[in-house]
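Here the structure comes first, spelled out in structure tokens, and everything after it is commentary.
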Amino acid sequence: MEKPHLSKAEIWNMSVGFMGIQFGFALQNSNASRILQSFGADVHQLSWFWIVAPLTGMIIQPIIGYYSDKSWTRLGRRKPFFLAGALAAGIGLILMPNAGLFAAILPALWVGAGMLMIMDASFNVAMEPFRALVGDKLPSAQRTDGFAAQTVLIGIGAVVGSWLPYVLAEWVGISKVAADNGIPDNLIYSFVIGAIVLITTILWTIFKTKEYSPEEIKNFSDTEEEEHTGRIFIVQLFKDIWQMPKTMKQLAWVQFFSWFALFGMWVYATPAVAQHIYGLAKDDTHSTAYNDAGNWVGIIFGVYNLVSAIYAFFLLPKLASKFGRKNTHMISLVAGGFGLISFYFAPDKNFLILSMVGVGMAWASILAMPYAILAGSLPARKMGVYMGIFNLFITIPQIINAIIGGPMVKYMYGDHAVITLVVSGCCFFLAALATLFVEDKDEVVIQKI
């Protein structure tokens, strides 16, 4: 029995919460390195502090996926995880830029790193069920539209989140430099607003979306439900990893190089722009020029998210329909590679806007195409756990980058963070190459029909 087609409004409503998650996620990505440097972290130490983010995601996502597959409450199957993740992430957003308030107990740098861990763990709790929800609710023919809608809303949330500190400083007039060398007011207010938006949008999805019951899900599945009564979770998890579909294994390499590149960009964009574009010394982390560089990184991060939203809404489904999901993903990744490499050759800060057009194309495709390809190869009864396991191919490359990235910046790149962005661009090219070897089962069926 095929799942019924949903209206456009229903597709958009079930992803509104993802917009709030990305609002907060964008604030984290654009400003976490800047906040940590303000608390005393050196440029080559940044990746070590960021390691807590993918590490918590690697542990949490498969667990959340497993239990969201098997849970059913009065609130629903995936919704309880949306809500719990949103509340915890909101607390982390409020506390991270205010870590200095706890300096009497622990060094502000460690408190800030702890809040980064709480935020990312909470984002992961909320994000994975959103991916699974598309697989739960939509028939194969609408999955690309569903993930594209998520990408558009992700882009909108990320644009506003990325630009908010700049807007508050330059348009509203809120201070962008703290008198005590702490965190500027424009950042503190931005994170508080982010917490409010995150919780509000999650509640929108919870109240506007009806999940299918376990009985309905079973009717939509072509395979018999497996019984795992008494089976230890970790044993079942390793069995599922061992038996993962072939397409999922092939996508692993695409995801590895893609997310290795993204992690390098998120961690080192601020020091790269401050050093390479603004001409600042690596230990200048409190001046007006440094905060201007940090605000500009927020602007260009907003640009790539804006491009991703436009690209996902107007072009991505059409390109995928005409050229195939694999070819569309390859083209998008190559554009992202050129965008990141061009940072090294940028004559001024405004050129970086053009650089981020390519990055935005890659980001839009990364958020949609691998999941659209993957969903068609997964059994419905294990949609959540396999989406969670798939997250391993996102977190493992980030953990590896976090471990080796700092020493590479210090000993190989001479503390020139911009070289990291060039390497990240090359990784996008490798991801595009790996896409050639992926089998898209759903697409083959559609073409035969």
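The values are calculated or read from the model by the stated rules, or taken from the named source; none is laboratory data. Quick caveat, the model's predicted, so the values are computed rather than measured. When we count neighbours, we look across all protein chains shown, and the Cβ atoms used for this are built from the backbone with ideal geometry, even at glycine.
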Point to revise | Qualifying positions in the stretch 247-285 - of a type in the set (Asp, Glu) and without any contact (Cβ under 8 Å) to a residue 24 or more places away in the chain | key: Asp284
Point to revise | Residue in the stretch 288-296 that is among the acidic types (Asp, Glu), over 15 Å from Ala148 (Cβ atoms), assigned to a helix (DSSP H, G or I) and modelled with pLDDT of 90 or more present | key: yes
Check your understanding: Of these, Gly324, Gly337, which one is modelled with pLDDT of 95 or more and small (Gly, Ala, Ser)?
Key -> Gly337
Practice item. Give the residue, chosen from Lys322, Lys326, Lys349, Lys318, that is of a type in the set (Lys, Arg) and within 22 Å of Val409 (Cβ to Cβ). Key: Lys349
**Study point:** Matching residues in the stretch 198-210 - criterion: being surrounded by fewer than 22 Cβ atoms within 10 Å (Cβ to Cβ) and over 19 Å from Lys8 (Cβ atoms)
**Key:** Ile199, Thr200, Leu203, Ile206
**Study point:** Residue pairs meeting the criteria (Cβ under 7 Å; at least 6 apart or on separate chains; first farther than 30 Å from Lys70 by Cα and in a helix (DSSP H, G or I), in the stretch 188-217; second small (Gly, Ala, Ser) and at pLDDT 95 or above)
**Key:** none
Exercise for review: Could you tell me which residue of the stretch 1-33 is modelled with the highest pLDDT, considering only residues that are within 11 Å of the chain's Cα centre (by Cα) and among the hydrophobic types (A, V, I, L, M, F, W, C)?
Suggested key: Phe23
Review point. Which one of these does Met115 not meet: (1) free of Cβ contacts under 8 Å to residues at least 24 places away in the same chain; (2) part of a helix (DSSP H, G or I); (3) over 24 Å from Ser162 (Cα atoms)?
Key: (3)
Check your understanding: Checking Ala141 against (1) in a helix (DSSP H, G or I); (2) modelled with pLDDT of 85 or more; (3) of a type in the set (A, V, I, L, M), which single condition isn't satisfied?
Key -> (2)
Check your understanding: Can you tell which of Ile188, Ile206, Ile183, Ile156 is more than 20 Å from the chain's Cα centre (by Cα), among the β-branched types (Val, Ile, Thr), over 17 Å from Gly92 (Cα atoms) and at pLDDT 85 or above?
Key -> Ile206
Review point. Quick check: anything in the stretch 375-382 assigned to a helix (DSSP H, G or I), farther than 20 Å from Ala269 by Cα and of a type outside the set (D, E, K, R)?
Key: yes
Practice item. Could you tell me whether any residue of the stretch 94-102 is surrounded by fewer than 23 Cβ atoms within 10 Å (Cβ to Cβ), of a type in the set (Phe, Trp, Tyr) and more than 27 Å from Phe147 (Cβ to Cβ)? Key: yes
